[in-house]
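Take a look at the structure below.
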Amino acid sequence: MRKEYLIAGNWKMFKTIAESREFVRALAKEFSAAPGLEVVVFPPYTSLAATHGLEAKIKIGAQNMFFEEKGAFTGEISPLMLQELADCVLVGHSERREIFAESDEDVNKKLKTALKFNLPPVLCVGETLPEREAGKTLPKVRQQLEMALQGVAGANMEKITVAYEPIWAIGTGRNATPAQAQEVHHFIGQTLQEIAPGSRIKILYGGSVKPENSLELLSQEDISGVLVGGASLKVDQFSAIIQNALKLLNA
Ligand code: 13P
């Protein structure tokens, strides 16, 4: 039925180098590579070198980057450095936006710099609970997309993946229902077509994804994968989500 799924795990600020290596090795034993299945984990910076290239079927992404190539920016990591260590990079995660005050302008700069360095970005967007309750979900998501993608050349659009992560669903155990997620994914797909007609861009859902809700979420027409937080820290849970994607690919 379905041709491709991207199953991604954002580890946030969890796992030492040894734990990261052990996880990637153990996860690789749990599933077979299949056409159309892509698996990525986003470890903390400290674990990138130790996990990148460790298992061919598990790609490694970075959780963040700065938008300058080099310079006096103490504590920051540039896309030039990440090129050797990561296959892709998260941009604009809501925790970066909320806790570290990243603006839409920062997100736009990061996205363009990631593309310049051939680091495919995974752009995160999503509304807060008050915005959802006020009926502002779609305008908010549209605004985030438009601002993030400003000045991105059409030819680069397909290198981008979008992750829809409603903030009220992150780490709360309260996922968007499959219908709620599908509605926003469909809208994101339409908005992306307006911005870059004809482009094919994957749209992941993130926010309290678990083995139990992943099959139904992944079955939605406009959901091309998931970005998993908490459940990506446990091999059994993350591999159960991968198995659900494989079930749908083989259906
Ligand atoms: P949870 O799956 O823990 O809700 O986190 C989602 C997330 O933020 C992934 O980037």
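The values are calculated or read from the model by the stated rules, or taken from the named source; none is laboratory data. Since we're looking at a predicted model, the values are computed, not measured. FYI the Cβ positions are ideal-geometry reconstructions off the backbone, even for glycines, and counts take in every protein chain you see. Each accessible area value is taken on the protein alone, full model and side chains, heavy atoms only, with ligands, DNA and RNA left out. Shrake-Rupley method; radii C 1.70, N 1.55, O 1.52, S 1.80 Å.
Among the chymotrypsin sites (Phe, Trp or Tyr not before Pro) in the stretch 44-152, those located in a DSSP loop and surrounded by at most 13 other Cβ atoms within 10 Å of their own Cβ are F73, F100.
For the chain, which whole percent of the accessible surface, found with a 1.4 angstrom probe, sits on carbon and sulfur atoms?
Details: 6040 of 11400 Å².
Solvent-exposed carbon and sulfur of the chain make up 53 percent of the total.
Only one residue of F117, F100, L90 has its Cα farthest out toward the positive end of the dipole of the stretch 89-133, where Lys and Arg carry +1 and Asp and Glu -1 on Cβ, and that residue is F117.
Segment L138..E69, full-extension length gain: 21.5 nm, with 0.36 nm per residue of separation and the alpha-carbon distance subtracted. Can you classify the chain as rounded, prolate or oblate using the Cα gyration tensor, where a ≥ b ≥ c are the square roots of its eigenvalues, rounded means a/c under 1.5, and otherwise it's prolate if a/b beats b/c and oblate if not? Taking the square roots of the gyration eigenvalues as a ≥ b ≥ c, the chain is rounded.
May I ask you to compute the full-extension gain from T46 to T177, defined as 0.36 nm times their residue separation minus their alpha-carbon distance, rounded to one decimal in nm? Could the numbers behind the result be given before it?
Working: separation 131, 0.36 × 131 = 47.16 nm, distance 3.46 nm.
Stretched out fully, the T46 to T177 stretch lengthens by 43.7 nm.
Sparsely packed loop sites in the stretch 70-165 (the trypsin sites (Lys or Arg not before Pro) outside DSSP H, G, I, E and B with at most 13 other Cβ atoms within 10 Å) comprise K70.
Placing unit charges on C-beta atoms (Lys and Arg positive, Asp and Glu negative, everything else neutral), compute the dipole magnitude of the chain about its Cα centre in debye, rounded to 20. Can you show the working numbers first?
Numbers: 27 positive and 30 negative charges, 87 e Å.
So the dipole magnitude of the chain works out to roughly 420 debye.
The residues packed around K159, meaning those with a beta-carbon under 13 Å from its beta-carbon, carry a net charge of +2 if Lys and Arg are +1 and Asp and Glu are -1.
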